[in-house]
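Input: a single structure, listed below in structure tokens.
The values are calculated or read from the model by the stated rules, or taken from the named source; none is laboratory data. Just so it is clear, the structure is predicted and the values come from calculations on it, not from any experiment. Positions of Cβ are backbone-derived with ideal geometry, glycine not excepted, and every protein chain shown enters the neighbour counts.
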Amino acid sequence: MRDFQFPGRSPVLATGGMCATSHPLGAKAAIDVLERGGNAMDAAIAGAVLLGICEPQMTGIGGDCFVLWSEGGSDKVHALNGSGRAPAALDAAHLRDTGEKTVPLTSAHAVTLPGAIDAFCHLSNTVGKLGLDALLAPAIRYAEEGVVVAPRVAFDWGNDAGTLQGKARDVYLLNDKAPKAGDIFRAPGQAEVLRRIAKDGRDAFYTGEIAEDMVASLNAMGGLHTADDFAAVSCAPTTPISAMYKDLEVVEHPPNGQGATALLMLNMLSQFDMAGMDPLGAQRIHIEAEVTKLAYDARNRFLADADYATRADYMLEMDTAKKLAALIDPTKAMQSATAISEAVHKDTIYITVVDGDGMSVSLIYSIFHGFGSGIASDKFGLLMQNRGAGFTLEEGHPNELKGGKRPMHTIIPGMIRQGGRVVMPFGVMGGAYQCCGHARFASNITDFGMDPQAAIDAPRAFTDKGTLNVERGYSDAIRAELSAMGHTVAIPRTAIGGAQAIKIHESGVLEGASDARKDGCALGY
């Protein structure tokens, strides 16, 4: 139990249903759907699509998603890959021939086909109960009437507004400036698109006028996208992967997501006496940082589209974890692992919902960088992701850019089973940080006995590109200890990631937790 004399959040407790996400309107929309008789999948879709209006710098219908869920009364975890592919005509050789070393973040070549809408429509039809028209109604309403810009959203909007170009500046800026907290943001073009999807399903988005608008806008900027590319978008059921960390089984989505990296990290952490360390001490931060460097180096070598990630299983082998962990000096920082050309960044939303029948959903949805590619379609103002920047241009690499291929993705939904029972859908936002965040969340719970809210609230550190970013929640003395070990230490300008979780107690009580680093909350009834 937290000390009520300090600022903080109490867990949210309920039995009828629960949602935790990064914006209050998303959580409310999800709860409204549950109270109308929808299930957890209905609620997660409704909340997620609305978050694209509430947090357009983070996500939107021009992006991708991954989903894990379990049916009520079952502990089997299902997985769906809602990520899009590169246009068929695009190839790394094309960019190498023009002198590029990486996929340019704000070019049309960084825009992969948006997969989220196809996934949402598929899940609504096969798992949900209420139908798309009911699920999209909240987002349509707020896109038309407007949403009040929340404080964290305004902070990110100001930081990322420079990415916006052309039509996107007209749609996502107010008088050519980023909106401030309290301003009203409207997206009437998206409202019209969502109305058509509600009426005619995924084909309204991937064929006809809406797809033609996206194709024409991308082609005008040099993109090689075609109508056939959009029409061919299709989500894919997948088989989850998992690893034990003490008494917890952490379940992840397989490649092209980076969930295998989180599992490798957990296997490496199990080689150390993490529970014997100070949960807020320098030693724990150091070990996690070294584990992160080695695990992310493995990710960069092996993870890609599942059809190309031929050695992903190597990352799940305990022998691999033991050999890597043996390279760690408990008193001294190693040099950063091999630098990579793939872009990794921070912008994503996560939503989790559990309903009264026990269905649990873990859904993550993103346009990659802040405002994605910065490119919006001319007619409807649909902002498009730059997930293609997750490819490498290195010839022969498993993650080399090729037409029709999915890039390595940073976004990963999570689930935890304990004793074979699904006990917690959870997710951590923050681009590259997500694997480290999953591992730390599991460690906080099982090594240090934290409840989900405390595990989320605890300060974070993350090593990235040679710098160990240590949040202000740690003392200067801790930063000094880490510097003495050889780390290059900095305080990050932006809080590291965000997280949500719902613990399912055997009694039927649902315990929701949501990160104060974002504007959102957990709501139950």
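Quick notes on this structure:
- Taking the listed residues 110, 79, 119, the one that is within 22 Å of the chain's Cα centre (by Cα), surrounded by 24 or more Cβ atoms within 10 Å (Cβ to Cβ), closer than 20 Å to residue 362 by Cβ and of a type in the set (A, V, I, L, M, F, W, C) is 119, with no other qualifying.
- Segment 462-481: number of residues that are surrounded by fewer than 22 Cβ atoms within 10 Å (Cβ to Cβ) and not charged (D, E, K, R): 9
- Of all residues in segment 451-501 being free of Cβ contacts under 8 Å to residues at least 12 places away in the same chain and among the aliphatic types (A, V, I, L, M), the one that is farthest from residue 355 (Cα to Cα): 484
- Of the numbered criteria (1) part of a loop (DSSP other than H, G, I, E, B); (2) at pLDDT 95 or above, the one residue 1 fails is (2).
- Yes/no for residue 72 being surrounded by fewer than 18 Cβ atoms within 10 Å (Cβ to Cβ) and modelled with pLDDT under 95: yes
- Selection of first residues in segment 313-325 that are over 12 Å from residue 295 (Cα atoms) and of second residues that are in a helix (DSSP H, G or I) and not basic (Lys, Arg), restricted to Cβ pairs under 7 Å at least 6 apart or on distinct chains, gives the following pairs, ordered by first then second residue: 318/267.
- Residue match in segment 162-170 (condition: modelled with pLDDT of 95 or more, over 22 Å from the mean Cα position of the chain (by Cα) and crowded, with 21+ Cβ neighbours inside 10 Å): yes
- Flag for residue 282 being touching an Asp or Glu at 6+ places or on another chain (Cβ under 6 Å), of a type outside the set (Lys, Arg), assigned by TED's automatic domain parsing to the domain that holds residue 463 and surrounded by fewer than 18 Cβ atoms within 10 Å (Cβ to Cβ): no
- Helices (runs of 4 or more DSSP H) contained in segment 52-150 and holding at least 3 residues charged (D, E, K, R): 132-145
- Of the residues 201, 223, 189, 208, the single one that is surrounded by 17 or more Cβ atoms within 10 Å (Cβ to Cβ) and on the phi > 0 side of the Ramachandran plot is 201.
- Search result, residues across segment 352-391 that are in the same structural domain as residue 88 (by TED's automatic domain parsing) and either over 19 Å from the mean Cα position of the chain (by Cα) or surrounded by fewer than 24 Cβ atoms within 10 Å (Cβ to Cβ) (or both): 370, 375, 376, 377, 378, 379, 380, 381, 382
- Across segment 208-224, a minimum of one residue is classified as assigned by TED's automatic domain parsing to the domain that holds residue 376, assigned to a loop (DSSP other than H, G, I, E, B), more than 26 Å from the chain's Cα centre (by Cα) and among the aliphatic types (A, V, I, L, M).
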